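Reviewing the structure listed below.
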Amino acid sequence: MAQIRDQWTSRAGFILAAVGSAIGLGNIWRYPYTVYEHGGGAFLIPYFVALLTAGIPLLLLEYAMGHKNRGSAPLAYHKLSKKWEWLGWWQAVVAFLISSYYVIILAWAMSYTWYSVGTQWGQDTEKFFLDQYLGVAQTNGFWDFGGLQLSVVIPLVIIWAFIYFVMRQQAHKGIERLTRIVMPVLLVLMVIITLRGVTLEGATTGLNALLTPDFGALMDPNVWVAAYGQVFFSLSVGFATMITYASYLKKTDDLANSGLICALANSGFEFMAALGVFGALGFLAVQSGVDVQEVVGGGIGLAFIVFPKIISQLPWLNSLFGVIFFGTLVIAGLTSIVSLVEPVVSAVRDKLGLARTTAVNWICGISFLISILYATKGGINYLDLVDHFVNTYGLLFGTILMTLVTAWFTRKVGDLQNHINEVSDVHIGNWWIFCVKYMTPVMLIIITGVHIWEEWL
Ligand code: PFF
């Protein structure tokens, strides 16, 4: 059954949805510790190299694919060449797998918004987190599923109900309206967090730790892997999302401008988050009389173990700042999680001609069931494992092939460049072709090679 494609109400609606997708947990908790662990200020060099030579070029590539071919990822690849439709499915599946655990972290953030009231986590925030969520204290290893963690299941159900409610509606009524309401609020909340972070006593210690460059780190290939990984995850590039979102634009809407705005907004936001977070870490380090290095926990720990400690020690209004911090994570994550589910919904609809509601029922239903697995005691082991494989191999393999297919196997990159230039004010020059054809694949192949070497050999 032929169906009418969803359409954003305006280009501004698209930009908001794209920025909403980009700004998420990746910016607020992932970026700060990634910078810190990979050379501090010096990380900004590989980060900008990755942004300029791969992030922005591939973002524009995805926009062009979706906009020109007017389809979700599998359909867009199919229109390049039938042979490559599977690559679109590959990227959609990567997005799908990420959605089912991304939502778990959102569920944690939601319950921490509640625990912030009266700082219910007590003194030992690590024990609190492990007991509440990971069930690690009680598990006997990898296969132990000893029951569901209600503290995750309840917020999980609320979040899925919300996602379902948003996604049942056409993109301009659901996703676009959500981002129109949420993005201005998010900006205000982030400014509050940053100002609070950088004005705390001891903040400069944290900022120094963040920004003092360790140039030796530039020689470490893992730092480059981290920079590319961060840029892709944070900009939502390589997951079929931007192909899908661009396919909902009007035929004449500007692409290049939108891409630049999106990249600028995303990087600006994550830099702001890093300043706020490190100001607060400096405060904790000074309060505890230790080095900043000792208070930075990796990944999950930073937001859910270290931040509660900081919030408990704030001089005033700690409950309120707790609610603001974790509430911001929830809000930022909601506009991203819908963008992880939408490419799958859109792909299935394009393939089978399903009504939106039918596709949403199935996709949300299945992803919900998978996410329940992670909410069992010991489920965290799977979360970690899937995160690692999907985010490194699934993503890198997909993005390498994306460049090879468009630039080499189907030789459509010139057409895509013309397409961007036909609709855009800003002219995209041959630097773009150079990046998509040579620079990005070569860098990504080297990075993946080094990664495989270090992990397996
Ligand atoms: N960009 C989001 C973040 O920074 O949290 C995560 C994300 C959303 C990744 C959508 C990929 C995607 F397709």
| What helices (runs of 4 or more DSSP H), lying completely within region 391-457, carry at least 3 residues that are crowded, with 19+ Cβ neighbours inside 10 Å? | 395-404, 413-423, 440-456
| request: State all residues of region 335-354 that are more than 11 Å from the ligand (Cβ to nearest atom) and either of a type in the set (A, V, I, L, M, F, W, C) or at positive phi (or both); if no residue qualifies, say none. | output: V345, A347, V348, L352, G353, L354
| query | Any residue in region 50-61 that is assigned to a helix (DSSP H, G or I), of a type in the set (V, I, T), under 25 Å from E422 (Cβ atoms) and within 16 Å of the ligand (Cβ to nearest atom)? | reply | yes
| query | Of the numbered conditions (1) of a type outside the set (A, V, I, L, M); (2) closer than 18 Å to K127 by Cα; (3) surrounded by fewer than 16 Cβ atoms within 10 Å (Cβ to Cβ), P315 satisfies every one except a single condition; which is it? | reply | (2)
| message | Kindly evaluate I158 against the criterion of being within 29 Å of N361 (Cβ to Cβ), more than 16 Å from the ligand (Cβ to nearest atom) and either surrounded by fewer than 23 Cβ atoms within 10 Å (Cβ to Cβ) or modelled with pLDDT of 95 or more (or both). | response | yes
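Looking at this structure, is I193 crowded, with 20+ Cβ neighbours inside 10 Å, in contact (Cβ under 8 Å) with a residue 24 or more places away in the chain and either away from the ligand (no atom under 15 Å from the Cβ) or not hydrophobic (A, V, I, L, M, F, W, C) (or both)? Outline the logic, then answer.
Values: crowded, with 20+ Cβ neighbours inside 10 Å: yes; in contact (Cβ under 8 Å) with a residue 24 or more places away in the chain: yes; either away from the ligand (no atom under 15 Å from the Cβ) or not hydrophobic (A, V, I, L, M, F, W, C) (or both): yes.
Yes, satisfied.
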| request: Using the structure shown, decide if A359 is more than 20 Å from the chain's Cα centre (by Cα), modelled with pLDDT of 95 or more and assigned to a helix (DSSP H, G or I). | output: yes
| remark: Within region 205-219, the residues that are in contact (Cβ under 8 Å) with a residue 60 or more places away in the chain and loosely packed, with under 14 Cβ neighbours inside 10 Å are T212, F215, G216
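Check whether at least one residue in region 7-16 is touching a residue at least 60 places away in the same chain (Cβ under 8 Å), within 16 Å of the ligand (Cβ to nearest atom) and not β-branched (V, I, T), and report yes or no.
Yes: one or more hits.
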| field | Condition check for L329: buried (at least 22 other Cβ atoms within 10 Å of the Cβ) and closer than 13 Å to Y102 by Cα | value | yes
| request: Identify, from the list F232, F307, F239, F283, the residue that is crowded, with 24+ Cβ neighbours inside 10 Å, more than 16 Å from the ligand (Cβ to nearest atom) and closer than 21 Å to L106 by Cα. | output: F307
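The values are calculated or read from the model by the stated rules, or taken from the named source; none is laboratory data. Keep in mind that what you see is a predicted model, and the values were worked out from it rather than measured. Cβ sites come from the backbone with ideal geometry, for glycine too, and all protein chains shown count toward neighbours.
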